[in-house]
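Accompanying notes for the structure given below.
The values are calculated or read from the model by the stated rules, or taken from the named source; none is laboratory data. Source: prediction; values computed, not measured. So basically every Cβ, Gly included, is an ideal-geometry build from the backbone, and we count neighbours across all protein chains shown.
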Amino acid sequence: MQKTALIAIILYVFICSCKHQNQNNMDNKKTLVRKQPKNITFHFEKSKEWLAKNTDNVKLDIILAVNRTDKTNISKMDSIIIPADFTGDLEFYLPFPLEVPYLKSVNKIIYFSYPTQTFATYENGILIHTGPTNMGRKKDPTPTGLFYTNWKAEKTTSTFNDEWDLYWNFNIANKLGIGWHQYQLPGYPASHSCLRLQEKDAKYLYNWADQWILKDDETILVKGTPVIVFGSYPFGEPKPWLQLVQSPKALNISADEIEQATKSYLNGILSEQKKRDL
């Protein structure tokens, strides 16, 4: 009897230890080491002149993100915004907050900010990934609100023009045919409602977000990852990020703003999350 009790105690300690270790592992995944630049200020330079004397890929990634563009389009621009200090990680040059305590209970969520033309992913309130986007043009605006990722395809054809190939496409509004994918970023909202991304970001989100789970063609058992598109773009006015030269924090999105954009959707998001966790 004593032997049986001893074995039970050992098993209990072992199980508790494993649970504790697993929790530590989960916590460690959320512990990100970030390198902050000494200062964040911006100035204008001629695009071709800057590109001619700078070949560092880390610097180029920051420049592309700050100017909401890609390698194909950066050289077509006249003047571009340049940080004075390149020593920080990318997220310090973009507007989303590093932490949003309000999202602690949300396993995964994606935000697209229309006015700043940037996106961000969060896991339990911690910023995981961020980058530039070019969203819907004035004639074909990207709808705002809550969506969920559904189906995806490494390569598909645009429903607007069958000559356009879309790579790393992830749909968020099935009946409207709206999603994110890799496509040219001219540096302003130019799409036909979709959310254009650099290839590396489109591929990242393609692998990171969850697809829906279907019972049949008409029945959704579990929705995918929540996506919130918020804000409005000042069409007809100068690009908002040009303000960074005069005010480096002009576009900063606060944790409170994220909370306000999420509050009316949170219960539904957590309900769908619970279904996926079952």
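Here are the numbers:
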{"item": "Every residue from the stretch 79-114 that is surrounded by 17 or more Cβ atoms within 10 Å (Cβ to Cβ), over 12 Å from the mean Cα position of the chain (by Cα) and among the β-branched types (V, I, T)", "result": "I80, I81, I82, V100, V106"}
{"item": "Residues of the stretch 246-260 satisfying the condition of being surrounded by fewer than 15 Cβ atoms within 10 Å (Cβ to Cβ) and assigned to a helix (DSSP H, G or I)", "result": "D256, E259, Q260"}
{"item": "Subset tally (residues that are part of a loop (DSSP other than H, G, I, E, B) and either surrounded by fewer than 22 Cβ atoms within 10 Å (Cβ to Cβ) or of a type in the set (A, V, I, L, M, F, W, C) (or both)) for the stretch 55-69", "result": "2"}
{"item": "Per-region count, the stretch 115-126, residues touching a residue at least 60 places away in the same chain (Cβ under 8 Å) and surrounded by fewer than 20 Cβ atoms within 10 Å (Cβ to Cβ)", "result": "4"}
{"item": "Cβ-Cβ under 7 Å pairs, at least 6 apart or on other chains, the stretch 262-274 side in contact (Cβ under 8 Å) with a residue 60 or more places away in the chain, far side loosely packed, with under 13 Cβ neighbours inside 10 Å", "result": "L270/S105"}
{"item": "Residue within the stretch 99-116 that is modelled with pLDDT under 95, part of a strand (DSSP E or B), of a type outside the set (S, T, Y) and closer than 30 Å to G236 by Cα present", "result": "no"}
{"item": "Filter pass, Y167 being within 18 Å of the chain's Cα centre (by Cα), surrounded by fewer than 20 Cβ atoms within 10 Å (Cβ to Cβ) and without any contact (Cβ under 8 Å) to a residue 40 or more places away in the chain", "result": "yes"}
{"item": "Candidate set: the stretch 127-146, residues that are buried (at least 20 other Cβ atoms within 10 Å of the Cβ) and among the polar types (S, T, N, Q); chosen: the one farthest from the chain's Cα centre (by Cα)", "result": "T142"}
{"item": "Exclusive hit being of a type in the set (K, R) and in contact with a Ser or Thr (Cβ under 8 Å, 6 or more places away or on another chain), set K108, K104", "result": "K108"}
{"item": "Residue list for the stretch 214-235, restricted to those being loosely packed, with under 14 Cβ neighbours inside 10 Å and either under 16 Å from N171 (Cβ atoms) or touching a residue at least 60 places away in the same chain (Cβ under 8 Å) (or both)", "result": "L214, D217, S232, P234, F235"}
{"item": "Among the candidates A84, A52, residue that is among the aliphatic types (A, V, I, L, M), farther than 30 Å from K223 by Cα and free of Cβ contacts under 8 Å to residues at least 40 places away in the same chain", "result": "A52"}
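Conditions (1) farther than 26 Å from E259 by Cα; (2) modelled with pLDDT under 95, marked per residue:
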| site | (1), (2) |
| --- | --- |
| R137 | yes, no |
| Y148 | no, no |
| N169 | yes, yes |
| R196 | no, no |
| A202 | no, no |
